[in-house]
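The values are calculated or read from the model by the stated rules, or taken from the named source; none is laboratory data. Everything numeric in this text was worked out from a predicted model, so none of it was measured. Cβ atoms come from the backbone with ideal geometry, glycine included; neighbour counts cover every protein chain shown. Keep in mind that these areas ignore ligands, DNA and RNA; they rest on the heavy atoms of the full protein, side chains included. Shrake-Rupley method; radii C 1.70, N 1.55, O 1.52, S 1.80 Å.
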Amino acid sequence: MYYILILIILFCYNKWHSMPKGGLQDKVGNSYSWFICVVLVLLAAFRSDEVGADTLGYRYDYESLHSYGSINALIDRYSIYYFGYFGLSKLFHMAGLPVQVWFGFLEAFYLYSLMRLINKFSRDKILSLLIFTTIGLFTFSMAGLKQTFASSLMMLAFVFFIDKKYIYTALLVFATYYTHQSALIMLGAFPIYLLRNNKWLIPITITLCISIYLFSFRFMEAMVDMLGNEKWESYLITDSQYTYVTFIFYVTIVAVSFINIKRYSDYQQGEARLFFGLSALGCALQLLAGVSPSLFRLALLYTPFMTILLPNVAYYSKNKYVRYFLMGCVIFYFLYTTRNSPYSFV
């Protein structure tokens, strides 16, 4: 099924890319983008328990919600820090909706938040969705549902922050705190956005990336102390079987983007700095998995920005092979990492 999914996206991309530039191409591109999103939502909704590491557990949690008749009972079972997720899923359950609708809603909300970002910045929306599908975001969205929902809230908060709708931003950040606190690490994107026109942004970001690597354990201790959630103390371990495949992959595609970023920077200097810096932070956070294996999740809060960086670099680059190289890299990575976990329907 994953092979078919990639072929669908490539077919849409080829049809769109072969059209003459203009209003019709933009209209068709939007239609194809939403069609791809519908396919992704359906795959997330009707997946079997073998797809996604925690799907069976989330399915059981949803089907057991009848056991918790009050808000206090729900909080006692799952804690206040996950109430945003389980409180909303309780409403779906009370409405008599099957778990497939809940799974589909979570994916649809995640894609809605991402598309708000993509529509605002990406010059190649279908390529953005290909990158979303292949760099690990789609597969994780079917495994870590609480963080996926929290990530959606933070992505929307970031979009509202850009649009200067600060009340909505504050409300979404507040909701994130009571959904999955790890997603709050995306708050770092907000000051970086404000510095997007500063020529020192990239050196500052690279320095921050190096600091995260050199002081990774202290960084995690500070996060745990700041959040005050005892659950995160379990991540303060130094025994990790982490392999650097994903980190090398992230660094490769971001480095290729940086090498070819000049024309993107010539047209949109602040924007190019912004998305390179945020993507570089995603690479640095991926290294934290070397401290604790569960910390790869933090990188997934910043890798969505690669769905803007890579397509825009390819769009502005005079070298057409940059696009094909990046597409080849992400497709190969996706097929390589999913080779032992085939998709199956419920």
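With the convex hull drawn around the C-alpha atoms of the chain, the volume per residue stands at 139 Å³.
So what is log10(I(q)/I(0)) for segment 1-73 at q = 0.11, 0.13 1/Å, when the Debye sum runs over its Cα atoms only? The Cα Debye sum returns log10 ratios of -0.49, -0.59. Here the peptides 12-23, 313-324, 285-296, 252-263 are ranked by packing, the mean other Cβ count within 10 Å, and the order with the highest first is 285-296, 252-263, 313-324, 12-23.
The separation of segment 191-205 from segment 240-312, counted between C-alpha centres, amounts to 15 Å. Extending 7 Å from Cα along the Cβ direction at Asp266 and again at Ile8 yields two label points whose distance is 3.9 nm. Over the chain, DSSP H runs of length four or greater, each weighted -39,500 (n - 2.57), average out per residue to a 222 nm ellipticity of -22000 deg cm²/dmol. In this structure Leu214 has an accessible area near 110 Å², from a 1.4 Å probe over the protein heavy atoms. Modelled this way, with points 7 Å down the Cα-to-C-beta line, the labels at Trp34 and Ser67 are 4.1 nm from one another.
For segment 59-140, taking Cα atoms only, Rg and Dmax work out to 16.2, 48 Å respectively. Accessible surface for the chain, divided over its residues, is 46 Å² per residue with a 1.4 Å probe. Per-residue packing, averaged as other Cβ atoms within 10 Å, sorts the ranges 176-189, 328-341 into the order 176-189, 328-341, beginning with the highest. Counting only protein heavy atoms and a probe of 1.4 Å, the accessible surface of the chain is 64% carbon and sulfur.
Solvent exposure of Tyr244, expressed as accessible area, is near 110 Å², computed with a probe of 1.4 Å over the protein chains only. Counting only residues at least eight positions apart within a chain, or on another chain, the lysines with an alpha carbon under 18 Å from that of Lys318 are Lys21, Lys262. Highest average first, the peptides 138-148, 76-86, 59-69 ordered by how many other beta carbon atoms sit within 10 Å of their residues are 138-148, 76-86, 59-69.
Accessible surface of Trp200, taken over heavy atoms with a 1.4 Å probe and every protein chain present, rounds to 150 Å².
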